[in-house]
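Asks: Here it is, the structure, as structure tokens.
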Ligand code: SF4
Ligand code: SF4
């Protein structure tokens, strides 16, 4: 038995080598060759727009609260139609750990992860992105979603006027 075990132990590694000898190499010669990464890859973060071209971000601070390394900051303001927006919005990518919790927390699909990963800089200050660096001119992964067509204040339709929304309740009428 011991002899058999020794023979097997000697031959098996050669068999593994032989088996892989004719396989095509999987090494990618980056950066000359670039692999297409899955769309769910968690890379550089962007802020997206709704189908009407408006900023999706309503400056609710949920992404900032969810961020475990505290690298998102912003200042909220309200437009004349009551729509909230971020006056400034900042992400420090030098601290970001690309966990995706901010994108998970966002109720309006404003903040999204992209597969872009090659944007390192020598100076950490260059990794601080402002709103103008983050805001893109399309809806990212879901082009059709518009938060205000489903809920919220009457920006697109009057309150309660959306297809999947109930009219507002008079809370005082619920008193016993
Ligand atoms: S990916 Fe994670 S660490 Fe980066 S900004 Fe979002 S929540 Fe913060
Ligand atoms: S990106 Fe989303 S979660 Fe963050 S403040 Fe804007 S709407 Fe809220």
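Just so it is clear, none of the values below were taken in a lab; they were calculated from the coordinates. Treat the numbers as computed from the prediction; the structure is a model and nothing was measured. Positions of Cβ are generated from backbone atoms using ideal geometry, with glycine treated the same way; all protein chains shown enter the neighbour counts.
Asks: Who wins for biggest fluctuation among 84, 23, 56 in a Gaussian network model of the chain, springs between alpha carbons below 10 Å?
Replies: Looking only at 84, 23, 56, the largest GNM fluctuation is found for 23.
Asks: Oh, and also: Please give the residues of the range 34-52, grouped as numeric ranges, whose backbone N is less than 11 Å from a label point set 7 Å along the Cα-to-Cβ vector of residue 163.
Replies: Within reach of a label on residue 163: no residues.
Asks: How far, in nm, would the chain grow between residue 143 and residue 171 when pulled straight, counting 0.36 nm per residue and subtracting the alpha carbon separation?
Replies: Working it through step by step, the gained length comes to 6.6 nm.
Asks: Cα atoms only: what Rg and Dmax, in Å, come out for the chain?
Replies: 25.5, 89
Asks: Moving on. With axes computed from alpha carbons, what is the tilt in degrees of helix 2-21 against the longest principal axis of the chain, rounded to the nearest 10 within 0 to 90?
Replies: The two axes meet at around 60 degrees.
Asks: Please give the contour-minus-distance gain from residue 24 to residue 7: 0.36 nm per residue of separation, less the Cα-Cα distance, rounded to one decimal in nm.
Replies: Extra length available between residue 24 and residue 7 comes to 3.2 nm.
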